[in-house]
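Presented below is the structure to which this report refers.
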Amino acid sequence: MNIVDIIAKKRDNRALTRLEIKYFIKSLVSHKIEDYHASTLLMAIYLNGMSHDEIVNLTKEMMKSGEIIDLSDIPGVKVDKHSTGGVGDKTSMVLAPLVASFGVKVAKVSGRGLGHTGGTLDKLESIPGMSINLTNAKFKELVRRNGIAIMGQTKELDPADKTLYALRDVTATVGSLPLITSSIMSKKLASGSDTILLDVKVGSGAFMKTLKDARELSNLLVSVGKACNKDTRAIITDMQEPLGYAVGNILEVKEAIDTLNNKGPKDFTELCLTCAAIMLTQAKVTDNLDKAKEMAEANLKNGKAFYKFKQWIASQGGDTYYLDHPDKFKKAKYVYDIKCKHVGYIKEIEALTIGEAAMHLGAGRLTIKDKIDPTAGIVLNKKVGDHVKFNDLLCKVYTNKENVNDILKTINKAFKILPVKVKTPKVIIDYIK
Ligand code: URA
């Protein structure tokens, strides 16, 4: 077997066998092929696609390219959730303790933010003392003892994806369904949970811009997960406007704290409760989704979810004083108000523009090496569908940077206002199982 023949086969739009895919991944991670071989094969896959069997085989081989976390000796169902990424997406910080407050084991490997999308690890690290660099042994110990742990991806987990993703990023091959599916699912499968819930975002602030593409990706993720014998489900959720009000690390932690105290934004709370309900059914706490949602809501109201949150943060070194006193978190030096210049109804708050603006204010990174400012970001004061008058506050902007006038103007333009009534968008668009 040799890599040039494999590239030629895919170039000619023929399906690769399991052994050919295995050869490719093994040669990749052992550096026996050059980057140009891998890049050319990626482009052939991008152009010609892959059959379902090929995608399943690619996912399995990528999963096996490194360490697989084995959680099987921890009793109970271990659940996991993954979002394809968005603006203001602080769901894991609420969802993980909410689900764990029922005794369900939440074992989650998370990522960092890049570009306009934030990452759970950066948000968690904005809590003083909080560590996401756990060894696999510590991760397992916490899941066993407290029923909850979130850690960053180690170098050993799915090294094939690390190499392939870096190549895709610079060869215009990111947006390929077989490559996105195998990238997401191989990492999730290597993380060791029994069930997976995928939150596929759709809209201007998401990877998937159209509902058609989001549906196609969701169906593929679910069917590949099932082919790998995991209970895999997906929801498609709105990312046309930012999720909740807060965008930026400390700002989002504060909104997560509010939500865990049942004082969160409506859209964000709805998303957390829906995801929690699905995960509770995956963990077999109940088989009734409506009942599961009521149970989850009760744990936001009775303080059990917030209690679990504090226990979890403390177990990973975080200072829980800040969780009880969120006003003590560090603050940005400059705060600007963006005021409305029209009268009418908010038709759109462009998530992509808000996400990029937050990144330029310091909340995100353009390249993975950039340092983030945990205090920077944007807090909306209005959502799509709201009525606004001249001079109403649209949002507050937080930064330590000087000369941000151009960013402020861009943020203002992200709010589209119409003279006619606009419906409040639904956050949950579809559920695929
Ligand atoms: N997220 C991933 O982990 N991989 C992709 O290819 C796209 C989104």
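None of the figures in this text is laboratory data; all of them are computed from the coordinates on show. Just so you know, these numbers come straight off a predicted model, no measurement behind them. Don't worry about glycine lacking a Cβ; one is built from the backbone with ideal geometry, like all the others, and counts go over all protein chains shown.
For a Förster distance of 25 Å, can you work out the FRET efficiency between the beta-carbons of Lys401 and Asn381, rounded to the nearest 0.05? All intermediate terms of the calculation are to be shown ahead of the outcome.
On the way: r = 21 Å, r/R0 = 0.86.
Efficiency at R0 = 25 Å is approximately 0.70.
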Note on segment 294-389: contact order normalised by length, alpha-carbon pairs under 8 Å, 6 or more apart, percent, works out to 27 percent
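Per residue, what volume in Å³ does the convex hull of the Cα atoms of the chain enclose?
Working: hull volume 59.7 nm³, N = 433.
With only Cα atoms used, the chain gives 138 Å³ per residue.
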Lys26 and Thr410 label points (each 7 Å along its Cα→Cβ direction) are spaced in nm at 4.7 nm
For segment 55-70, Karplus-derived ³J(HN,Hα) couplings (6.51, -1.76, 1.60; θ = phi - 60°; whole Hz; x for glycine and proline) come out as 5, 4, 5, 5, 4, 5, 5, 5, 4, 7, 6, x, 6, 10, 6, 9
Set Lys308/Lys328; Lys81/Lys212; Lys301/Lys339; Lys81/Lys301; Lys331/Lys382, cut-off 29 Å on Cα-Cα distance; pairs above it are Lys301/Lys339
Pseudo-spin-label distance Asn136 to Thr286, built 7 Å along Cα→Cβ, given in nm, is 3.7 nm
Phi-derived 3J(HN,Hα) across segment 164-174 with the Karplus relation (6.51, -1.76, 1.60, θ = phi - 60°), rounded Hz, x for Gly and Pro, is 5, 5, 4, 5, 4, 4, 10, 10, 6, 10, 5
Against the 2.2 N^0.38 Å rule of thumb, the C-alpha Rg of segment 250-364 sits at a ratio of 1.32
The alpha-carbon center of segment 210-245 and that of segment 373-414 are separated, in whole Å, by 30 Å
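Normalised by the number of residues in the chain, what is the relative contact order in percent for Cα pairs under 8 Å and 6+ residues apart?
On the way: 900 pairs, mean separation 83.1, N = 433.
This gives 19 percent for the chain.
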Using alpha carbon centers only, segment 266-297 is separated from segment 22-83 by a whole-angstrom value of 31 Å
Burial-style ranking of 302-312, 96-106, average other-beta-carbon count within 10 Å with highest first, yields 96-106, 302-312
Full extension between Val420 and Asn391 adds, at 0.36 nm per residue less the Cα distance, a length in nm of 8.6 nm
Two pseudo-spin positions, 7 Å from Cα along C-beta at Ser72 and at Lys330, lie apart in nanometres by 4.4 nm
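Local charge sum around Lys310 (other residues, Cβ-Cβ under 14 Å, Lys/Arg +1, Asp/Glu -1)?
Numbers: positive: Lys304, Lys308; negative: Asp319, Asp324.
Counting the neighbours of Lys310, the net charge comes to 0.
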